[in-house]
Amino acid sequence: MRSLFIGIFAVALAAAPAAAQQFARVTVSAQLAIPQVLTLRSGAVTETTANGTRTRSTTLYVTANRNWVLSVFRNCQSTCGRLQARIVNSDRVTTADFPAGTTSILQGRSGSSIPVTIELTSDASLPPPSELEYLITAA
Amino acid sequence: MKCACLVLAALLIPAPVRAQSNCRANPGTCSTRPMSIQITIGPALQLALSPGITSLATPTPAHYNAGFCATPGPTATVSANAPWTLSISASTATWSAISTSSEPARADKPAADLEWALSSAGPFTSMTTSPANVISGATTVGTNVSIFYRTLYSWTNDTPGNYSLQLVFTITSP
């Protein structure tokens, strides 16, 4: 009787370590919140006049981690002459008129330092266009 | 351990048997029999990680330009009665992504965009779904292993959103 009890206990003792795990595993997580990033940097500005036409060329650089829209804000109160722009982005060329207020002129995809050249043409006999403000927003 | 076993064995012996057990006090009234107790100690491994969730540093334009952003990762604490090896793997090939704006979050951001190292200076290793050995050691009580993360970024691919990746740390004994 005594041997039986001790024998059972010994078996139980031997079984417990043998069942011990050969490995241990833990799962954790890494979390990340990527915010929207939109930056606009201005580069070279050149102005030339030829054949009665003034051309102001401005190069902007867009950096964004999402699709974007480039807009221009023209602040003119009374003598808003026609201001036309030729926009060169990669091999795409578009044209746009800049009336008073904000005008969306270009859409683009995410990327780093994407060059956008804006060529404004105006009548050289008129005063140069007032300051323009370029804006980049999420598409 | 052995002492604890004997005490417990004595408690298990029925009363009549216990009454005859004092052979040393009354020699001749009982018989003795040699016995042995065997114990097999297998590998015992313990692994703890803290924190369970690592919030990776929010990327700035500078991080995008550099292509990466570093964040201290969790610390693994290992206790083992045998030689051990700690390994790490991603549970999925890509991050889970939740859009937070009109722009869809990147659905195919690869697990390899998270790199790990044992030092903040590297060298860093890309995360894979196959376990990669991190470090090995001998028997120990509470060895701490600090993990460092580096997240890779691409202006054209990594759109805004909330991302997460499940990581599996495993300690094995050969």
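Just so you know, all these numbers are worked out from the coordinates, no wet-lab data involved. Predicted, not measured: the structure shown is a model, and the values here were computed from it. Ideal geometry is used to build each Cβ from the backbone, glycine not excepted, and the neighbour counts take in all protein chains shown.
Just a few scattered comments:
- Per-residue mean of C-beta atoms belonging to partner chains within 10 Å, peptide A:62-70: 4
- Working note: Karplus 6.51/-1.76/1.60 with θ = phi - 60° gives the stretch B:117-133 the couplings 7, 8, 9, 5, 8, x, x, 9, 10, 5, 6, 10, 7, 8, x, 10, 5 Hz, where Gly and Pro are set to x.
- For A:Gln107 and A:Gln22, the FRET efficiency from 1/(1 + (r/R0)^6), where r spans their Cβ atoms and R0 equals 51 Å, is about 0.30.
- Shielding by partners - mean other protein chain Cβ count within 10 Å, residues of B:167-173: 5
- Inter-site label distance for A:Gln36 and A:Asn67 at 7 Å from Cα along Cβ, in nm: 1.3
- Other protein chain Cβ atoms within 10 Å, averaged over every residue that makes up B:39-45: 6
- Neighbourhood net charge (13 Å Cβ-Cβ; Lys/Arg +1, Asp/Glu -1) for A:Thr48: 0
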